[in-house]
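Here is the structure we will look at, set down as structure tokens.
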Amino acid sequence: MLIDTYGRVATDLRVSLTDRCNLRCTYCMPEEGLSWLAKPDLLTDDEIVRLVRIAVTDLGVTEVRFTGGEPLLRPGLTGIVARCAELEPRPQLSLTTNGIGLARTAAALRDAGLDRVNVSLDTLRPEVFKTLTRRDRHQDVLDGMAAARAAGLTPVKVNSVLMPGLNQDEAPDLLAWAIEQDYELRFIEQMPLDAQHGWKRDGMITADDILASLRTRFALTPETAGERGSAPAERWAVDGGPHTVGVIGSVTRPFCRACDRTRLTADGQVRTCLFATEETDLRAALRGTASDAEIAEIWRKAMWGKKAGSGLDDPDFLQPERPMSAIGG
Ligand SMILES: C[S@@+](CC[C@H](N)C(=O)[O-])C[C@H]1O[C@@H](n2cnc3c(N)ncnc32)[C@H](O)[C@@H]1O
């Protein structure tokens, strides 16, 4: 079990498969990209599957989400999913993706054992997409989502970040569209995890702003207390249901007390939190002579030291050295 000193138990593993991405979202990385991890530093497919197996069979992990960077850029993705789907007990397997290439791969990923996808899309306007992501791929994302829905990778969840002056007025349109498409929409507050360190607290669109904007067009009823569990998104029924909308207030409504996550970077470092400033190296142990039991023990010790909160509200808050794309969002 991955338990920490506050009694939280991590059962949800986020695995970054690559730090590379084919978009350049302004809130994530600079136009020129970043200096990517060198291939020998990346975990191999076998190493990833071994770590997921240890997490699932020895450490009580029940859900595995592949992310990045852009996980669809990882050549071995389908094989990794297939091997993880054979683990006992079988974990829930999902993918967080920008959707580019999903139109081609959704059916194969489902056949390999993928259960669900979260696709990131911040705007319904192709020209705003181009400004926000610095790439002209809006239609590819829409096609990827439709393919995921057709393949039964449902519910297809859509993650949206609102940015001032770009798409901040789009919340109601995004929700109307998501309902029509039968996607489950969640807004994520912009976090200080961009490589350029451009985030400003007073420049971000908050959960309250998003809810106020949605309420101009929809009646929102909060889920009853307790239903949120360890889910980061607070959810509201829209116009009496059955459709819902989620808001992940990572900055203004943090959910650290119920956090059930552990994270693995593409180069084999355990992170206890997106905002952790320390990491624990599993790659060296993997590439040495460590047994599964020894690796599990290193992972357990790392999680035991998980901090109470993200530290975002501390006056001496320090943005982690790695940006979101290199941690795995
Ligand atoms: C880092 S991406 C990785 C997976 C995949 N490439 C994708 O687009 O979903 C995961 C999520 O993090 C979000 N994200 C990236 N930088 C962020 C930031 N500074 N604040 C909030 N969300 C961010 C993205 O919008 C996306 O929904």
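Readers should treat all values here as calculations from the given coordinates under stated rules, not as data from a laboratory. As the structure is a computational prediction, the values presented were derived from the model and not from experiment. Positions of Cβ are generated from backbone atoms using ideal geometry, with glycine treated the same way; all protein chains shown enter the neighbour counts.
Out of the residues in the stretch 2-17 meeting the condition of being out of contact with any Ser or Thr (no Cβ under 9 Å at 6 or more places or on another chain) and in a loop (DSSP other than H, G, I, E, B), tell me which one is farthest from Gln319 (Cα to Cα).
In this case the residue turns out to be Gly7.
Look through the stretch 49-76, keep the residues that are within 16 Å of the ligand (Cβ to nearest atom) and part of a helix (DSSP H, G or I), and return whichever of them is surrounded by the fewest Cβ atoms within 10 Å (Cβ to Cβ).
Leu73
List every residue pair whose Cβ atoms lie under 9 Å apart, where the two residues are 6 or more positions apart in sequence or sit on different chains, the first residue falls within the stretch 30-41 and is touching a residue at least 60 places away in the same chain (Cβ under 8 Å) and surrounded by fewer than 15 Cβ atoms within 10 Å (Cβ to Cβ), and the second residue, located anywhere, is of a type in the set (A, V, I, L, M) and part of a loop (DSSP other than H, G, I, E, B).
Hits for this filter: Pro30/Ala195; Asp41/Ala266.
Say we look at the stretch 111-134 and pick out the residues that are in a loop (DSSP other than H, G, I, E, B) and closer than 19 Å to Ala147 by Cβ; which of these is farthest from the ligand (Cβ to nearest atom)?
Among residues in the stretch 111-134 that are in a loop (DSSP other than H, G, I, E, B) and closer than 19 Å to Ala147 by Cβ, the one farthest from the ligand (Cβ to nearest atom) is Gly113.
What tally of residues in the stretch 59-106 results from selecting those that are within 18 Å of the chain's Cα centre (by Cα) and charged (D, E, K, R)?
Selection size over the stretch 59-106: 4.
Which strands (runs of 3 or more DSSP E) sit wholly inside the stretch 213-329 and have at least 3 residues that are within 23 Å of Ala195 (Cα to Cα) and either out of contact with any Ser or Thr (no Cβ under 9 Å at 6 or more places or on another chain) or within 16 Å of the ligand (Cβ to nearest atom) (or both)?
261-264
Out of all the residues in the stretch 139-148, is one or more within 15 Å of the ligand (Cβ to nearest atom), in contact (Cβ under 8 Å) with a residue 12 or more places away in the chain and touching a Pro at 6+ places or on another chain (Cβ under 9 Å)?
Within the stretch 139-148, none of the residues are within 15 Å of the ligand (Cβ to nearest atom), in contact (Cβ under 8 Å) with a residue 12 or more places away in the chain and touching a Pro at 6+ places or on another chain (Cβ under 9 Å).
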